[in-house]
Amino acid sequence: MTVAQRVQPPPTISEVQSYSFIIRDMFLAKLVAAPFFGSFTARKSKALPVVTANIPYIGVYFVNEDMTPDGDLNAGEIRFTHYLKLGFSVIIANNDPVASEASLDAAFWAIMNTLWRDPYMTNFVDTRAYPGGVGNPDNVRIEGVSRGTRRHVFGNAGKDNETPIAEMQYEATVKYSADYAPIITDELLQIGVRTGVKPGDTPDEMAARLQTGAEYVFEPYPPPAPQPLQQKE
Amino acid sequence: MAVNFSTLVYLPNFDMFARPITVIPLASQPGMPSYTARGIYDTRPIDVQAEDGSIVSDQQTILDVLDAEFSVVPEQLDQVQIPFDPDGGPDLGTFEVMNTEANGGGETTLVIRKVVTARPS
């Protein structure tokens, strides 16, 4: 007898990566598409050193993440409010310090107006944009930005590096919520109920009594994994 | 007995290691024409710390000059061109003097920075 293999849908991004990584990636993708950063080298990892050939440069880095309980920590499933700190690094080269700082400020403003004014990516309900109906991956949403810090840095502390670089460092703490409901593997899928069994009865006595019963069948849990948003009709 | 470092120590070194340069005295002598001189070029790698511990890999470049060979020693925001030299090496381009550090013995170290096209322009 051939047993048909159960076909599993391919995992969606949020089954593999954390929401924080997804948020970082979608922020970087949004900035790379912005005209201001068209000529910039973009990276999302700080593992490789930036060399002068990479300038102008924009990096969006995962800095750290704090999690606090969402609601009563000892009631119900585990839920967290995540505070994701992302670091934006914009590096430019200019021998004129005044023009250099103006360029850094323009970069900061481009980030602010590209990310936080986006009505779809920051939507708390439905992130799909039209035409196209493309939204955030798996409709991952943020609730807000709880903190931001900006600074301008001109080379190393002694300012004696050869290339006239300047860096705008912007750190934004993004808030989102996530719940981690338990994964039940030994599911209760069926209950059978029968009447008429009474302690001490003989089989004949039980057979003489009118019997009834019921079968309760439950749907498996959890429901199928969420799929990426489809285009609206 | 006092030692004249400039003459006895630095001068022989400059005769051996210095290469020709052109100084554009934008700050030290505004309005004056550029002039030729010589200096000892040196560069070494340096890491510049950037956002959250990331690194920009760069060079730290200096040019030593002998004070006695200048009527006015180059200052911050002067420019220095280091052209091709058959003994010294290839054309290294134009640099801006970011800082000067005199050692008290007759030599001044110019901390220099490359003059580059603004990026983004």
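The values are calculated or read from the model by the stated rules, or taken from the named source; none is laboratory data. None of these values were measured; they are calculated from a predicted model. We place every Cβ from the backbone using ideal geometry, glycine too, and count neighbours over all the protein chains shown.
A few points about this structure:
- The C-beta contact set for region A:164-189 (first residue outside any strand (DSSP E or B), second residue among the hydrophobic types (A, V, I, L, M, F, W, C), distance under 6 angstrom, 6+ apart or interchain) comprises A:Pro164/A:Ala93; A:Leu189/A:Phe218.
- Scanning region B:67-99 for residues that are hydrophobic (A, V, I, L, M, F, W, C) and either crowded, with 21+ Cβ neighbours inside 10 Å or in contact (Cβ under 8 Å) with a residue 12 or more places away in the chain (or both) gives B:Ala68, B:Phe70, B:Val72, B:Val73, B:Leu77, B:Val80, B:Ile82, B:Leu92, B:Phe95, B:Val97, B:Met98.
- For region A:142-149, the condition of being within 14 Å of chain B (Cβ to nearest Cβ) and under 30 Å from B:Glu96 (Cα atoms) holds for none of the residues.
- Lone qualifier among A:Ile91, A:Ile111, A:Ile22 - being in contact (Cβ under 8 Å) with a residue 12 or more places away in the chain, under 30 Å from B:Ser57 (Cα atoms) and either in contact with an Asp or Glu (Cβ under 6 Å, 6 or more places away or on another chain) or in a loop (DSSP other than H, G, I, E, B) (or both): A:Ile91
- Given (1) touching a residue at least 12 places away in the same chain (Cβ under 8 Å); (2) in a loop (DSSP other than H, G, I, E, B); (3) within 13 Å of chain B (Cβ to nearest Cβ), number of the condition A:Gly158 does not satisfy: (1)
- Flag for A:Asn74 being away from chain B (no Cβ under 13 Å) and closer than 27 Å to A:Pro164 by Cβ: no
- Test set (1) part of a loop (DSSP other than H, G, I, E, B); (2) within 13 Å of the chain's Cα centre (by Cα); (3) of a type in the set (A, V, I, L, M, F, W, C) - B:Leu63 fails condition number: (1)
For every residue, the table says whether it meets (1) surrounded by fewer than 20 Cβ atoms within 10 Å (Cβ to Cβ); (2) at negative phi; (3) touching a residue at least 40 places away in the same chain (Cβ under 8 Å).
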| residue | (1), (2), (3) |
| --- | --- |
| A:Ser18 | yes, yes, no |
| A:Phe36 | yes, yes, yes |
| A:Gly59 | no, yes, no |
| A:Gly76 | yes, no, no |
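- Residue satisfying condition, being surrounded by fewer than 15 Cβ atoms within 10 Å (Cβ to Cβ) and of a type in the set (Gly, Ala, Ser), within set A:Gly155, A:Gly87, A:Gly144: A:Gly144
- Scanning region B:1-45 for residues that are closer than 14 Å to B:Thr108 by Cβ, in contact with a strand residue (DSSP E or B) (Cβ under 7 Å, 6 or more places away or on another chain) and in a loop (DSSP other than H, G, I, E, B) gives a single hit, B:Ala18.
- The lone exception for B:Arg119 - which of (1) away from every other protein chain (no Cβ under 14 Å); (2) surrounded by 14 or more Cβ atoms within 10 Å (Cβ to Cβ) it fails: (1)
- Screening region A:37-58 for residues that are of a type in the set (Phe, Trp, Tyr) and either more than 8 Å from chain B (Cβ to nearest Cβ) or assigned to a strand (DSSP E or B) (or both) and picking the one that is farthest from B:Val56 (Cα to Cα) gives A:Phe37.
- Candidate set: region B:46-59, residues that are of a type in the set (Gly, Ala, Ser) and not in a strand (DSSP E or B); chosen: the one surrounded by the fewest Cβ atoms within 10 Å (Cβ to Cβ): B:Gly53
- Taking each residue of region B:52-66 that is more than 7 Å from chain A (Cβ to nearest Cβ) and looking for partners that are modelled with pLDDT under 95 and surrounded by fewer than 17 Cβ atoms within 10 Å (Cβ to Cβ) with beta-carbon atoms closer than 7 Å, six or more apart or interchain, yields B:Leu66/B:Ser6.
- Criterion: within 11 Å of another protein chain (Cβ to nearest Cβ), surrounded by 13 or more Cβ atoms within 10 Å (Cβ to Cβ) and either β-branched (Val, Ile, Thr) or within 12 Å of the chain's Cα centre (by Cα) (or both) - qualifying residue of B:Ile112, B:Ile21, B:Ile40: B:Ile112
- Verdict on A:Asn94 being within 30 Å of A:Lys159 (Cα to Cα) and touching a helix residue (DSSP H, G or I) at 6+ places or on another chain (Cβ under 6 Å): yes
- For region A:122-132, the condition holds for at least one residue, the condition being that it is more than 16 Å from A:Arg24 (Cα to Cα), assigned to a strand (DSSP E or B), more than 9 Å from every other protein chain (Cβ to nearest Cβ) and without any contact (Cβ under 8 Å) to a residue 24 or more places away in the chain.
- Options B:Asp91, B:Asp47, B:Asp15: the member that is within 14 Å of another protein chain (Cβ to nearest Cβ) and not aromatic (Phe, Trp, Tyr): B:Asp47
- Only one entry in B:Val9, B:Val56 is closer than 30 Å to A:Phe37 by Cα and more than 14 Å from the chain's Cα centre (by Cα), namely B:Val56.
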